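Asks: Input: one structure, supplied below.
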Amino acid sequence: QVQALESGGGYVQAGGSLRLSCAASGVSFGINYMGWFRQAPGKMRDMVATITSSGDEVYADSVKGRFTISRDNAKNTLYLQMNSLKPEDTAIYYCFIRWASRDYWGQGTQVTVSS
């Protein structure tokens, strides 16, 4: 059974940093597509950043220059380094993986940024 388990969320003041991790288990070969999405209260779930197995990255305009997505293919682990955090970054952050033509989501980790 494929699972994605996020960690690293928490509470931080504006301007601070957090690093999220997502460990994928149950996969028997490389994951070709991984990413982070977020959902704030009362809003849709939006893409934050994605990365392919070859390292191609895409970012939402709202996080460009502040967030960095990366992955360790050997460990099937995805990361999101978040710097210069703003109150509007407050949301539940979800890990997403696409493996064997199917999509899998983690349970989410809360990020709260105080002003």
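The values are calculated or read from the model by the stated rules, or taken from the named source; none is laboratory data. Because the structure is a prediction, the values reported are computed rather than measured. Reconstructed Cβ throughout: ideal geometry from the backbone, glycine too, with neighbour counts over all protein chains shown. Side chains included, ligands, DNA and RNA excluded: accessible areas come from the protein's heavy atoms. Shrake-Rupley method; radii C 1.70, N 1.55, O 1.52, S 1.80 Å.
Asks: Just to be sure I understand the filter: pairs with C-beta atoms under 7 Å, separated by 6 or more residues or on different chains, first member in the range 59-70 and more than 12 Å from Gln81 (Cβ to Cβ), second member open to solvent by 70 Å² or more (accessible area, probe 1.4 Å). Which pairs pass?
Replies: Ala60/Asp46
Asks: A further question on this structure: Give the residue, chosen from Thr50, Thr90, Thr68, that is over 12 Å from the mean Cα position of the chain (by Cα) and either closer than 23 Å to Val113 by Cβ or hydrophobic (A, V, I, L, M, F, W, C) (or both).
Replies: Just a single option satisfies the conditions, and that option is Thr90.
Asks: Also: Which of the strands (runs of 3 or more DSSP E) found entirely inside the range 1-106 contain at least 3 residues meeting this: open to solvent by less than 40 Å² (accessible area, probe 1.4 Å) and on the phi > 0 side of the Ramachandran plot? First the steps, then the outcome.
Replies: Values: elements: 3-7, 10-13, 18-25, 33-39, 45-52, 57-59, 67-72, 77-82, 91-99, 102-105.
Filter on the range 1-106 gives an empty set.
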